[in-house]
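What follows is calculated from the coordinates using simple rules that are stated; it is not laboratory data. Small disclaimer: the values here were computed from a predicted structure and weren't measured. Using ideal geometry, Cβ is built from the backbone for each residue, glycine included, and neighbour counts are taken over all protein chains shown.
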């Protein structure tokens, strides 16, 4: 095969792990996170599906997988919301407009099932930073509102000051296109909204189990309780979706870091049907309700 | 090609052949480690005599010829915008003296890396090489007959079986035939074939490690579960050092890291081998470890080799080379543990 030409990194993103350059357009401080808006040099769209992720490089620090948190219906740029937890994410938190990063992707064949959601009621549940991947889907549904049925979003944050996308959550509250439930675990003196974990508002909600698709994103412990509530409401396991987190290194099912039994979360997910996860012991050990953990 | 053409090359003609090849392209083959006599490694041969044809095995398998332990992916500058420069060497080389089990390891990785979305870095590196296989004598750790790799020829261009003087050469590809034109060879006779057949027979008879069930059954046993006691017993002995992974010809997990140049103007991204047995392999950003218990990591290794990849590619991701058992700092033997799993499953049934 001919030697790949130099400085055309974008042509080889998938195959040689060379990212494509992207420019930081804006940054916005969020509680314990930063929202980074990025664009490619040639202005082309990322062409992602809500729920997919990219590998972002901060050169000299490394690469990290981050969910895209904007909608492809807003194609002029794309957003990543990053909590500074490790080397790379701390470097991302220090980015300023005009800085350059590298992007590989978008990756993930398992994304939010937009086609199946069409004409159905949609229920989204986010815990903590889990609101970030769902934000892209929320934007997508709002931008194509007529294609979907009743649209509800539950978002739980630890404290009022941890609420991400404050301005947008305010808009969602006022937006007649969606029913937005915001809850905090630990209220402060000024908080007059709902308190408790995400399952509290979830318990109060009536759903049409024949016509609803639910998707959730958040810390692993949350899934167990969400699954229990949704099953109580007779929602079939086939119509519950979870977006999982692993530390993907390659994004194409090779590096092995994200393996969950026979699945590669990066490639087969990161969004999975609950029904498919039930069969996997390594999912069960973390959060499937009342699963015998010693059957391995 | 149909049935491979069989030729014979004498020992002295083979040395001359190697010299002719070395004059044109690098040859990577087994050579004795100068720092550890009696131990061998795949390395670049400086001269034909460096080739150690009767090496038992190497500590690290020859997969490193195609995916180095630390592989330079690209360089970057810290300019605005940064300049990215793909690093890829496309020059050809010969990989010499690969045993049937290790050919099978390369075949395993060919499947894994070409699974869509394919990684062309591996494929492109593979295309650089002409592979010359070599038949071997087993030691007490080998179990190639248990996974059906003892007579494997895929992928290779030429394959050598030792004769009293020189080798029987099987020609497996056009590239191999072309390379062999550099050698003085004669047509193989019935006698030569018999000697080679005897070699193979003796090799199979010398294998002492055996699975107590056919390898196809192991996937079902692992899938059925109920093996936690065996995983925990094995984990009690395991140090999670990762030696089994780093010496395995079918392991292909990796990490990627950046290195900054000392002048702070740029740097390099490397890909390095990684090990699923290391504690932090499945840690995520929030700090959760998806295989925080050692027995979970031990189980993962068996499930990957004999269940997940077995089902995906219809072959075990184990070549019977025995390297993991040889390298294990706690003397955990892959065949012993597999047999304990089989026994536990039989007890259950």
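Summary table below
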quantity	calculated
Potential lengthening between residue B:139 and residue B:265 on full extension [0.36 nm per residue; Cα-Cα distance subtracted]	40.3 nm
Residues B:42, B:143, sorted so that the one with the fewest Cβ neighbours within 10 Å comes first	B:42, B:143
Mean separation of Cα contacts under 8 Å, 6 or more apart, over the residue count of chain B: relative contact order %	21 percent
Highest average packing first - A:110-123, B:215-228, Cβ atoms within 10 Å	A:110-123, B:215-228
Rounded to 10°, Cα long-axis angle of helix A:220-232 versus longest principal axis of chain A	40 degrees
Peptide A:241-253, shielding by other chains (average Cβ, 10 Å cutoff)	4
Residue A:41/residue A:175 FRET efficiency (R0 35 Å; Cβ-Cβ; nearest 0.05)	0.55
DSSP-defined beta bridges in the protein assembly as shown - what % are antiparallel, rounded to 5	65 percent
For region B:85-160 and region A:34-66, distance of Cα centres in Å	36 Å
Number of partner chain Cβ atoms within 10 Å, mean per residue of A:47-59	2
Virtual spin-label span in nm between residue B:216 and residue B:35, 7 Å along Cα→Cβ	4.6 nm
Distance in nm between pseudo-label sites at residue A:280 and residue B:187 (7 Å out along the Cβ direction from Cα)	5.9 nm
Exposure proxy ranking, count of Cβ atoms within 10 Å, fewest first, for A:48, B:288	B:288, A:48
Spacing of the two label points (7 Å from each Cα toward its C-beta) at residue A:146 and residue B:197, in nm	7.9 nm
Residues A:164, A:182 arranged by fewest to most Cβ contacts within 10 Å	A:182, A:164
Shielding by partners - mean other protein chain Cβ count within 10 Å, residues of B:293-299	1
Directionally averaged shadow of chain B, computed from the convex hull of its alpha-carbon atoms, nm²	20.9 nm²
Ordering of B:198-208, B:63-73, B:321-331 by burial proxy (mean other Cβ atoms within 10 Å per residue, highest first)	B:321-331, B:63-73, B:198-208
